[in-house]
1. As a test of the formula, what do you get for the chain when each DSSP H run with n ≥ 4 contributes -39,500 (n - 2.57) and the sum is divided by the residue count, at 222 nm and rounded to the nearest 500 deg cm²/dmol?
2. Which value, to two decimals, describes the C-alpha radius of gyration of segment 56-116 once divided by 2.2 N^0.38 Å?
3. Enumerate the whole-percent occupancy of each 10 Å bin, from 0 to the last occupied one, for all C-alpha pair distances of segment 95-137.
4. Answer with a single label: of (1) 14.3, 40; (2) 29.6, 108; (3) 21.1, 64, which was calculated as Rg and Dmax of the Cα atoms in Å from the structure in view?
5. Specify the angular offset, from 0 to 90 degrees and rounded to the nearest 10, of the alpha carbon long axis of helix 2-14 from the longest principal axis of the alpha carbons in the chain.
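A short reminder: the numbers here are calculations on the coordinates, not readings from a lab. These numbers were taken from a predicted model, which means no experiment stands behind them.
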Amino acid sequence: MKKITLLLLMLISGTAFGQTTVSSAAEIIEAIKFTEVTGLNFGKLDNTAGTVIIDYAGTPTGTKTQIAGGVVSAAELTVTGEPDEAYSITVGETATLTESVSSATMDVTGITHDANETLDASGNETVHIGGTLTVGASQTTGSYTGTISVTVAYN
């Protein structure tokens with residue numbers, strides 16, 4: 001009787017669970033990144049109040065006129081990654097430019113980009129960034145610099 005009970009217990013315990021395998025996989029793709037080709041430059045300006053708007057092509061408009069000898073350009077970035085992949089770009093809405101000696105500031109607002117947000121067959125896209133600089137009345141003279149926050153990520 002003990003042998004039959006042990007045999008039945010072995011059969012029951014052997015069928016009380018199931019075992020199988022599940023497949024798994026991964027695909028590694030090139031990390032998305034960007035490099036700055038050109039920064040957003042508003043040019044050389046006098047210290048009277050007004051605005052300068054730089055569009056995607058780097059063309060200045062607004063109430064201020066550039067003074068000869070200044071560099072004017074929209075920012076240009078090269079986004080690189082996996083060919084034909086969609087991505088998203090987030091650009092800060094504002095930035096602050098600061099003069100290095102006096103710590104005086106000017107604000108850049110209305111920051112926009114022209115990204116299609118899809119990499120081409122070579123895994124590249126050129127993106128331009130523009131914005132509006134506000135110069136205050138009797139703005140402190142000097143060279144102003146700052147940064148614009150940019151993030152790219154695959155969708």
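1. Taken over the chain, the calculation gives -2500 deg cm²/dmol.
2. Output field value: 1.48.
3. In whole percents, the pair-distance histogram is 24, 33, 22, 17, 4.
4. Read-out from the structure maps to (2).
5. Tilt relative to the chain: about 20 degrees.
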